[in-house]
Amino acid sequence: MPEGDSLHRIAVELGPALTGHPLRALELVRSTARTDGLVGSDIAGVEARGKNLLIHFAVGFALHVHLKMNGRVVLARRDDARRVSHAHAVVVLDTEQHRVIVYDAPVARLIRSRDLKSDAHFRALGPDLLAPVFEVSEACVRLKLRGKQTLGEALLDQSVMSGIGNVWKSELCFTLRLDPFAPVSMHRAEELLALVSLARAQMFDNVYGKKRTLPDPFDPHPYARKTRVDRRLGEGMLSVYERAGAPCYDCGTKIEMRKDGKNSNQLRSTYYCPSCQPARGVT
């Protein structure tokens with residue numbers, strides 16, 4: 001699933017291409033919502049909120065897209081759009097110069113701009129780790145309130161803070177040598193503060209900086225294995241995610257994967273080093 005930094009990078013790419021340009025056409029393949037009233041209106045901006053993408057129209061509506069597990073977004077120039085496949089497309093948006101195609105996204109809907117604050121989906125979101133203004137202390141308080149939850153589950157709870165998914169959960173816990181299967185209450189306040197601060201710093205760098213922490217979200221092979229040399233060189237690198245059975249880069253112990261979560265239909269994969277991240281008590 002694309003995580004918060006991937007959505008922000010998509011917004012950063014789409015923003016300059018779309019903002020200020022009039023909408024030429026909008027097709028919502030799985031929706032019966034009328035879109036003809038939007039045609040001709042200017043696109044007012046593009047933003048990400050956690051794992052959600054919003055394309056705003058000047059007439060008071062927004063297109064809300066959530067990519068979930070398999071969705072992706074393609075931006076093409078109109079003169080090259082004929083080369084882009086429309087198979088599995090759920091959104092096709094045109095300006096005079098560009099075409100945006102959203103594939104396989106289970107959420108693609110129009111919402112009135114004035115309803116965003118009261119909408120159940122957005123109202124439930126915690127602080128966005130990549131928002132221009134982010135209160136680290138508020139995120140820490142929300143995290144501490146999940147004291148009985150495992151740390152891994154709490155990090156995936158978008159009402160605590162929005163943007164973290166399986167990849168970042170695994171990578172952050174490994175970097176700080178935290179046990180993702182222990183309750184939040186078994187982690188010290190300074191550890192939680194370090195976790196939230198590191199999450200914002202590294203995700204922010206992955207959008208606006210050197211993009212060293214995780215692979216490019218537009219890479220067709222985002223989790224390709226890298227070598228120990230790559231890691232020393234500081235290239236885009238995953239330390240534990242999808243490396244089950246491979247040796248830990250730091251200690252040589254085999255990386256393990258464990259499914260966790262309360263709902264058997266929504267178990268999530270957590271990758272960790274049992275040596276670098278020793279268990280804290282009974283989990």
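With springs only between Cα atoms under 10 Å, which of 33, 44, 131 fluctuates most in a Gaussian network model of the chain?
Of 33, 44, 131, the most mobile in the Gaussian network model is 33.
At most 14 other Cβ atoms within 10 Å and a DSSP loop assignment: could you name the trypsin sites (Lys or Arg not before Pro) in segment 17-66 that fit?
Numbers: sites: 24, 30, 34, 49, 51; in loops: 24, 30, 34, 51.
For trypsin sites (Lys or Arg not before Pro) across segment 17-66 that sit outside H, G, I, E and B with at most 14 neighbouring Cβ atoms in 10 Å, the list reads 30, 34.
If you build a Gaussian network model of the chain, linking Cα atoms that sit under 10 Å apart, which residue out of 11, 58, 120 swings the most?
With Cα springs under 10 Å in the chain, the top fluctuation among 11, 58, 120 is at 120.
Using the Cα centre of the chain as origin and beta-carbon charges of +1 (Lys, Arg) and -1 (Asp, Glu), tell me which of 41, 70, 23 is placed farthest towards the positive end of the dipole.
70
Suppose every K and R has +1 on its Cβ and every D and E has -1 on its Cβ; what is the size of the dipole of the chain about the Cα centre, in Debye to the nearest 20? Please report the intermediate quantities before stating the final value.
Details: 41 positive and 32 negative charges, 114 e Å.
Charge dipole, the chain, about its Cα centre: 540 debye, nearest 20.
Suppose the chain between residue 204 and residue 246 were pulled fully straight at 0.36 nm per residue; how much longer would it get relative to their current alpha carbon spacing?
Computed gain between residue 204 and residue 246 is 12.3 nm.
Please identify the DSSP H helices in the chain that span no less than 18 Å along the helix axis (Cα) and have a mean Kyte-Doolittle hydropathy of -0.5 or more.
Values: long enough: 4-18 (20 Å, 0.39); 189-208 (28 Å, 0.57).
TM-like helix candidates: 4-18, 189-208.
Would you pull out the residues with amide H under 5 Å of residue 21's amide H, same chain only if 5 or more places away, H placed 1.01 Å from N?
43
How much accessible area per residue does the chain have, in Å², with a 1.4 Å probe?
Working: 13730 Å² over 283 residues.
Roughly 49 Å² per residue, with all protein chains present.
Treating only the Cβ atoms of Lys and Arg (+1) and Asp and Glu (-1) as charged, compute the dipole magnitude of segment 94-143 about its Cα centre; round to the nearest 20 debye. Provide the component values of the computation, followed by the final result.
Working: 7 positive and 8 negative charges, 44 e Å.
Roughly 220 debye for segment 94-143.
Please report the carbon-and-sulfur percent of the accessible area for segment 2-160; probe 1.4 Å, protein heavy atoms only, DNA, RNA and ligands left out. Let's see the in-between values first.
On the way: 3770 of 7480 Å².
Ligands and nucleic acids excluded, carbon and sulfur reach 50 percent.
Counting other Cβ atoms within 10 Å, keep those with at most 12, restrict to DSSP loop, and tell me which trypsin sites (Lys or Arg not before Pro) in segment 92-131 are left.
Working: sites: 99, 109, 112, 114, 117, 123; in loops: 117.
Filter output for segment 92-131: 117.
The values are calculated or read from the model by the stated rules, or taken from the named source; none is laboratory data. Nothing here was measured: the structure is a model prediction, and the numbers come from that model. Positions of Cβ are backbone-derived with ideal geometry, glycine not excepted, and every protein chain shown enters the neighbour counts. The area values use the complete protein model at the heavy-atom level, side chains included, leaving out ligands, DNA and RNA. Shrake-Rupley method; radii C 1.70, N 1.55, O 1.52, S 1.80 Å.
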